[in-house]
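Here is the structure we will look at.
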Amino acid sequence: MRVETANGDDSAYVKEANNKLLTHHQSFDDFYQPIESVADEAGQKKEIITFIAQETDQAVGFLTGYIMHSPVDRSVSFAYIQAVWVEEASREQGVAKALIETFESAVQEKGIDRIELSVDIQNQSGKQLWDAFGYEVYQERRWKRLT
């Protein structure tokens, strides 16, 4: 398996896999919606990084994150993992590990020493994954549906 920086040719796979991820999240609640198009993040102070894991020239997973440079609400830059997806048939084979380690190394090389992410409270497998990689709970998010 190899992990590479995604390029324009990978955008269709990333969109498709992201929608699989969002469908998975919709099983927890209806907050998440499928992506209609790849958003243009131009003009924001985010440096977006996407890695694709491939096995024999077939994409088996991806990780998208970003580096937030000089955020207005923080004193330091940080990285954020936005999405990780591994195809069902490729799970438990080290794909997520390779993607996460590649992202961690890439942001560390850019001088970033903190990575953040969010996990749905009902996503037990997601919470177990991040616990296994040493990610700690440090904040609690809350919401209220106004219907």
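The values are calculated or read from the model by the stated rules, or taken from the named source; none is laboratory data. What you are looking at is a predicted structure, and each value in this text was computed from that prediction instead of being measured. As a convention, Cβ positions derive from the backbone with ideal geometry for all residues, glycine included, and neighbour counts pool all protein chains shown.
Candidates 66, 135: the one that is at pLDDT 90 or above, within 15 Å of the chain's Cα centre (by Cα) and over 22 Å from residue 8 (Cβ atoms) is 135.
Within region 118-142, the set of residues being hydrophobic (A, V, I, L, M, F, W, C), over 20 Å from residue 24 (Cα atoms) and outside any helix (DSSP H, G or I) comprises 133, 137. Scanning region 92-117 for residues that are buried (at least 18 other Cβ atoms within 10 Å of the Cβ) and part of a loop (DSSP other than H, G, I, E, B) yields one hit, 112. A count restricted to region 1-23 and to residues that are part of a helix (DSSP H, G or I) and either in contact with a Phe, Trp or Tyr (Cβ under 7 Å, 6 or more places away or on another chain) or in contact (Cβ under 8 Å) with a residue 40 or more places away in the chain (or both) stands at 8.
A residue that is at pLDDT 95 or above and closer than 15 Å to residue 5 by Cβ occurs somewhere in region 82-99.
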